[in-house]
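The values are calculated or read from the model by the stated rules, or taken from the named source; none is laboratory data. For clarity, every value in this text was computed on a predicted model and none was experimentally measured. As a convention, Cβ positions derive from the backbone with ideal geometry for all residues, glycine included, and neighbour counts pool all protein chains shown. Each accessible area value is taken on the protein alone, full model and side chains, heavy atoms only, with ligands, DNA and RNA left out. Shrake-Rupley method; radii C 1.70, N 1.55, O 1.52, S 1.80 Å.
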Amino acid sequence: MTENTLEELDGSFANQILETVDTLVVILNRHGEIVFFNRACQLLTGFNAGEALGRKVWDFLILDEEIDAVRGAFEALNAENTPSHFINYWKTKDGAPRIIEWSNNTLKDEDGAIAYILGTGVDITESKSKEAALYESKSFLRAIVGASPVAIITSNEKGTILSFSRKAEAIFGFKENEALGQNLTLIIPEPDRLRHDQYLNHYLETGERRIMGKARQVTAVKKSGERFPVVIHVNEFHDGVRVFVGFIEDLSEQKVTERRLEDVKNQLQHIGRIGAMGEIAATIAHELNQPLTAAASLAGAVSLTLRKVEFPQRDDAISHLNETVSEIRRASEIIRQMRDFMRKRKTAKSLHDVNHVVEEAIAIALIGAEAGGVHVTTDLGANVGEASLDRIQIQQVVINLIRNSIDAMQDAEKKHLAISTAKKSRFIEIKISDTGHGLSDDVKKRLFEPFFTTKEEGMGIGLSISKSIIDAHQGEITAIEKESPGVIFSIKLPVGGHDKAAKSQ
Amino acid sequence: MTKLQKVNKGEVFLIDDDAAVRRGVAALLTAADYTVSIFTSGEEFLSEMGSLDIDDAALLVDVCMPGIQGLELQEKLNRDGVDLPVIVMTAHGDIPMAVRAMRNGAVDFLEKPFTVDEVTTSLERAHAISRPVIKGAQKASPELCKNYDSLTPRESEVLRNVVDGSTNKEIARSLDVSPRTIEVHRQNMMSKMNAKSFAELVRMAVALDIGD
Ligand SMILES: Nc1ncnc2c1ncn2[C@@H]1O[C@H](COP(=O)(O)OP(=O)(O)OP(=O)(O)O)[C@@H](O)[C@H]1O
Ligand SMILES: [Mg+2]
């Protein structure tokens, strides 16, 4: 065997076969020099065997920009002896590039050492350009997938990721090229990771749908390891092979909003409770202080009377009475401290967008409150703007009013709750209108009294707290009767917090 | 109107809506040798005022009552030029009302429940005070001004808040310091002002025209 030819093949049956097949067959020695160049190669390149043999492939067949890659692949094969696939250009004698898909292997000598590199190639120039055309037609689709606000991931039956949209990159933190070829378990946290394969197999075997076609909320995991809630909607389609496509929405932001609403609600309830307790404490303190005053005064009266008469234990009696008075004062002081402790917090005003404050309050008021068929409409004036107010307190008022309206409409046939805001010259008005049972004359008179209620479970403090809050804002709260059944509650807040502005409309 | 006793210490018109309070306070004042006339409301007092001898008398009135309130009554008397020293009785937390009453020319205010000494001291002031005792009559003395000027900015801020009816806790929150600190400022302020009671402090504040 010489360095330039593969004599064993010469004239052999095998040689004839290799010469006649359409497949490109080229054999290189360990230096990269061509020792065999079949007819297919000659036809494709325009170089005959004599022109090719003995030359290194990268000296005349490879495009300049691919020389390094081809040499690298050759050396890797030479050293590691693992078969490889490779796609590269060959340039023909007249300079035209052809795309060849190679399958490379090694041929060993008697000692098992690598003696030759065998490359078998297929000219895929035509089919490649067809793919390119296909790719073109798909690029429209790709653009859509890329623009989707929902992450889109496709996989094959084995769960291998086939595509990974831009939004998926953004949500999960993996780049497309990191995700492609990986199993879907990449984005599924333990312990679902194990189960996922089981689900998939189960589905493939039985066709029984567990998650297919339905939206489900699950936990996913990011590249950083952070777990987060997503809604996933999986479907399948056939594109020659079976492909699963998952549409995934990141819920963490939505969750944050929900949690914030929940927080605000708790905060309001807490303040509401404290507000209510403050109201109760103040009333009790006042009611208790009166009899204490009477008792202390009576004791004082007796002590003064005793000073005017003489009897043996007089001084003792007087000092006991003085002690009685100071004990009464102590009791009164305790009550005062309790009252101060539960006193409503002072209003903390700052500038707020009124519509925003109202919208948030509506959302909170309707959470949990079984709106049971209540139709809610809002009409928030475009130019309402800001007002100086205590956000939590004003929301408390709006919530109280909405709750009252919902209560009043419980048995009504038509349940319509309309909330509006409007800017008038000197004040901003918030209106809450319902189609409930309305107000009787007696109720109208006592509406804002603390502890006045017509409800079995009512405390009767919603409106009295609301009134004190609105008073603290130099505003006005009134109930307006409607022609049709129901009530409108109106809150007027001064613009820019000017004193009494609301009252001088 | 019920007249109880006539002795030399002078006459007191007592107005309170609570029957037990009326009875108790009347008993106390009678034992302290005042003549007491009792009224259950501001309206009742006004309707009978024409037939009353208001010379050498004082009015002891609760600030918080249904119907015409203590303050309104006082303001009406001022408007009508009725020359009658007024002492208001307040319950907890009516400090802002007490301050307003003082500003309107009240001689004093008493926090319920009060002792014999407190009420008799107030009444003595009321009866002794040179008339007329109308709005803004009490002027700050040079000594009071000097005391006030000796306060640190924090102390005068605490003074203003205290006479507006804020609790230590509330003042602490609004000034963003601990309630304990406010307590210290408050004590220093009281001693610099030479005020022996809260009522006295309010009286001074009114004379100095502090607070609102
Ligand atoms: N929109 C409304 N329509 C009809 N009646 C109302 C309306 N709002 C309030 N009321 C009447 O006014 C009363 C007092 O209302 P308020 O909000 O002060 O207390 P409540 O709702 O009874 O109890 P709470 O608010 O303490 O739970 C109610 O019991 C109800 O009779
Ligand atoms: Mg209510």
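Data overview
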read-out	value
Those residues of segment A:284-294 which are more than 7 Å from every other protein chain (Cβ to nearest Cβ) and open to solvent by less than 50 Å² (accessible area, probe 1.4 Å), in sequence order	none
Every residue from segment A:80-107 that is assigned to a strand (DSSP E or B) and open to solvent by less than 40 Å² (accessible area, probe 1.4 Å)	A:SER84, A:ASN88, A:TRP90, A:ILE99, A:ILE100, A:TRP102, A:ASN104, A:THR106
Residue tally, condition touching a residue at least 24 places away in the same chain (Cβ under 8 Å), surrounded by fewer than 16 Cβ atoms within 10 Å (Cβ to Cβ) and among the aromatic types (Phe, Trp, Tyr), over segment A:219-268	0
Which numbered condition A:VAL122 misses (of (1) at pLDDT below 85; (2) surrounded by fewer than 18 Cβ atoms within 10 Å (Cβ to Cβ); (3) within 25 Å of A:ALA49 (Cβ to Cβ))	(1)
Residue count, segment A:327-355 (criterion: modelled with pLDDT of 90 or more and more than 8 Å from chain B (Cβ to nearest Cβ))	8
Only one of A:ILE402, A:ILE430 that is within 13 Å of ligand 1 (Cβ to nearest atom), within 36 Å of the chain's Cα centre (by Cα) and crowded, with 19+ Cβ neighbours inside 10 Å	A:ILE402
Residue count for segment A:296-326, restricted to those that are within 7 Å of another protein chain (Cβ to nearest Cβ) and open to solvent by 30 Å² or more (accessible area, probe 1.4 Å)	2
Odd one out for B:VAL163, checked against (1) over 22 Å from the mean Cα position of the chain (by Cα); (2) within 21 Å of B:MET89 (Cβ to Cβ)	(1)
Near pairs, Cβ below 7 angstrom, 6+ apart or cross-chain, from segment B:185-209 (modelled with pLDDT under 90) to any residue that is in a loop (DSSP other than H, G, I, E, B) and open to solvent by less than 20 Å² (accessible area, probe 1.4 Å)	B:LEU201/B:ALA195; B:MET204/B:ALA195
Residue among B:LEU71, B:LEU46, B:LEU77 that alone is open to solvent by less than 50 Å² (accessible area, probe 1.4 Å) and more than 19 Å from the chain's Cα centre (by Cα)	B:LEU46
Candidate set: segment A:395-425, residues that are part of a strand (DSSP E or B) and of a type in the set (Val, Ile, Thr); chosen: the one farthest from A:LYS444 (Cα to Cα)	A:THR421
Those residues of segment A:444-463 which are within 12 Å of ligand 2 (Cβ to nearest atom) and at pLDDT 85 or above, in sequence order	A:LEU447, A:PHE448, A:PHE452, A:THR453, A:THR454, A:LYS455, A:GLY462, A:LEU463
Matching option when the condition is small (Gly, Ala, Ser), touching a Gly at 6+ places or on another chain (Cβ under 7 Å), assigned by TED's automatic domain parsing to the domain that holds A:GLU360 and away from ligand 1 (no atom under 12 Å from the Cβ), among A:ALA412, A:ALA408, A:ALA422	A:ALA422
Filtered residue count, segment B:109-130, keeping only those that are surrounded by fewer than 16 Cβ atoms within 10 Å (Cβ to Cβ) and either outside any helix (DSSP H, G or I) or among the hydroxyl-bearing types (Ser, Thr, Tyr) (or both)	2
Some residue of segment B:161-181 being out of contact with any Pro (no Cβ under 6 Å at 6 or more places or on another chain), buried (at least 17 other Cβ atoms within 10 Å of the Cβ) and among the small types (Gly, Ala, Ser)	yes
Residue match in segment A:456-468 (condition: crowded, with 16+ Cβ neighbours inside 10 Å, within 14 Å of another protein chain (Cβ to nearest Cβ) and more than 10 Å from ligand 1 (Cβ to nearest atom))	yes
Residue count, segment A:444-455 (criterion: near ligand 1 (Cβ under 7 Å from one of its atoms) and surrounded by fewer than 15 Cβ atoms within 10 Å (Cβ to Cβ))	2
Selection count, segment A:405-427, where residues are of a type in the set (Gly, Ala, Ser) and open to solvent by 50 Å² or more (accessible area, probe 1.4 Å)	1
Some residue of segment A:449-461 being under 19 Å from A:THR377 (Cα atoms), over 32 Å from the mean Cα position of the chain (by Cα) and of a type outside the set (A, V, I, L, M)	no
Filter result (assigned to a helix (DSSP H, G or I), touching a residue at least 40 places away in the same chain (Cβ under 8 Å) and more than 16 Å from ligand 2 (Cβ to nearest atom)) within segment A:464-488	A:ALA472
